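Q: My structure is below; once you've seen it, I'll send some questions.
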Amino acid sequence: MIGLVLNEQLSKDSIESLKLSVNKLRLLTSNIIIPTSNKDFQVISQIFNHQKNVKVIEHVTPFTNYGSLSDIYSASIQYNGIVEFLTISPINSHVNQEVLSIISDNQNSFATTIDQNCFTISHFLIDSNNLTSYLNLDNFDLEDFLTQEIQCMPVSFAKNDIF
C-alpha cells in the first residue's frame, strides 16, 4: 500500500498540513507520493528532499488541473498494473490516526460521518489504464470516481471521532 497525499494546491498555510499528512501516512505505509502542480514542484520537493520514501512528482498531462483525480492519475502511472493507495488531503490532516488506520484496513473505502463524506480519506486499488479510460469520459469528480467507478464503500465514524 502506498500513501498518497491529495495535494490540490499549495498555500503558506498548507505546508504544515502537508507535513502532518505525510507523517500520518508514514505510520501506515512505507512509501508516500505527493503529486503537485508544476509551479509548486520546486517548493514541495525542497521540503521533502531529505525524507526517505517520500516522492514528490509533478502532475502529468493530459490530466492536469483536475484536482484530486490529477493527483491519483499522476501517482498511478508511476506503477505498472494495479496499485493500492491510502489517501489523505492536507485539508483533512487533523484526522484522527485511528480513523486513517481503520480506512487502511478496509479496501475500497472512504471515511464518512452522519453529515459529511470525506472522499479524500480513502483506500482503494487502481490500474492507470482503467483510470485513463474513466478520465477520458471527462468526469473529474472524486465522489463519482470513488462511489460509482471503483465502488468504494463508506466507513462510518461518529463526527467527534473523525477529527
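Q: Using beta carbons and a limit of 7 Å, which pairs, at least six apart or on different chains, have the first residue in the range 134-152 and acidic (Asp, Glu) and the second one part of a helix (DSSP H, G or I)?
A: The qualifying pairs are GLU149/TYR134.
Q: Now for a different question. Would it be correct to say that ALA111 is farther than 13 Å from GLY3 by Cα, at pLDDT 95 or above and surrounded by 15 or more Cβ atoms within 10 Å (Cβ to Cβ)?
A: Yes; evaluated as a whole, the condition is true for this residue.
Q: Looking at the range 81-103, which of its residues are touching a His at 6+ places or on another chain (Cβ under 8 Å) and either under 18 Å from ILE34 (Cα atoms) or of a type in the set (Asp, Glu) (or both)?
A: Correct list: GLU84, PHE85, LEU86, THR87.
Q: Could you tell me which numbered condition ASP127 fails, if it satisfies all but one of (1) exposed (fewer than 13 other Cβ atoms within 10 Å of the Cβ); (2) farther than 20 Å from LYS159 by Cβ; (3) of a type outside the set (A, V, I, L, M, F, W, C)?
A: The single condition ASP127 does not satisfy is (1).
Q: Which residues, taken from the range 85-111, are of a type outside the set (Phe, Trp, Tyr), part of a strand (DSSP E or B) and within 11 Å of LEU25 (Cβ to Cβ)?
A: Scanning the range 85-111 gives LEU86, THR87, ILE88.
Q: If ASP105 satisfies every condition in (1) under 18 Å from LEU4 (Cβ atoms); (2) surrounded by 14 or more Cβ atoms within 10 Å (Cβ to Cβ) but one, which is the exception?
A: (2)
Q: Among (1) closer than 18 Å to SER14 by Cβ; (2) assigned to a helix (DSSP H, G or I), which single condition is ILE121 missing?
A: Of (1) closer than 18 Å to SER14 by Cβ; (2) assigned to a helix (DSSP H, G or I), only one is false for ILE121: (2).
Q: Where residues in the range 57-84 are touching a helix residue (DSSP H, G or I) at 6+ places or on another chain (Cβ under 7 Å) and outside any loop (DSSP other than H, G, I, E, B), which of them is surrounded by the most Cβ atoms within 10 Å (Cβ to Cβ)?
A: ILE72
Q: Being within 23 Å of SER101 (Cα to Cα), in a loop (DSSP other than H, G, I, E, B) and out of contact with any strand residue (DSSP E or B) (no Cβ under 8 Å at 6 or more places or on another chain) is the filter here; which residues of the range 9-28 pass it?
A: LEU27, the sole residue that qualifies.
Q: So, one more: Search the range 29-50 for residues being surrounded by 14 or more Cβ atoms within 10 Å (Cβ to Cβ) and in a loop (DSSP other than H, G, I, E, B), and hand back the single one that is modelled with the highest pLDDT.
A: THR29
Q: If a residue has to be farther than 27 Å from LYS24 by Cβ and part of a helix (DSSP H, G or I) to count, how many in the range 129-163 make the cut?
A: So the answer is 7.
The values are calculated or read from the model by the stated rules, or taken from the named source; none is laboratory data. Worth saying up front: this structure is predicted, and the values here are computed from it rather than measured. Here the Cβ is made from the backbone with ideal geometry for all residues, glycine too, and neighbour counts use every protein chain on show.
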